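Bear in mind that the values in this text are calculations on the coordinates, not laboratory data. The structure displayed is predicted, hence computed values, not measured ones. Because the Cβ atoms are built from the backbone with ideal geometry, glycine has one as well, and the counts that use them run over all protein chains shown.
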Amino acid sequence: MISVQNNNALKQITFAALNTDININAKMKDYYCPNFEGCQLLNTNQVIDDQKQKDIYRAEYCINPELTWKNCKRYQTRVALNFCPDFVLPDTKLSPAEIMNKYDEEFI
């Protein structure tokens, strides 16, 4: 049987462990691209279906302590145009204006 004193200590240890996990997760989220959860490249097979390539992009751009997501052309395009066409990859060489022109030519 656990005494009340031991039970309270156990609760405090459990709470401290949970609080540490929450703090670590919060810090990790700082490394995530703001578009991470809604990015079609990562969350669907519409952009690319090669899981290995997705993992490479994820490591290089999406979740990185150096905040390299700022260099992702999908992120830059979304900021500039308020959307990102599926043909845009993180390492696309086109500017947002060129991306918009290509989108207009292909889809409008």
For this session: Grab the Cα-Cα distance for Ala80 and Asp104, subtract it from 0.36 nm times how many residues apart they are, and report the gain in nm with one decimal.
Result: 7.1 nm
For this session: For region 34-86, run through the chymotrypsin sites (Phe, Trp or Tyr not before Pro) and keep only the ones in DSSP coil with at most 16 other Cβ atoms within 10 Å of their Cβ.
Result: Phe83
Problem set entry | Cα-projected label distance for Asn43 with Glu66, points at 7 Å along beta-carbon direction, nm | 2.7
Exercise. When the chain is fully extended, how far beyond the present Cα-Cα distance does Lys93 get from Asp30, taking 0.36 nm per residue of separation?
Worked result: 20.1 nm
Seminar exercise, completed: Filtered hits (aspartates and glutamates, Cα-Cα < 13 Å from Lys102, offset >= 8 within chain) -> Asp86
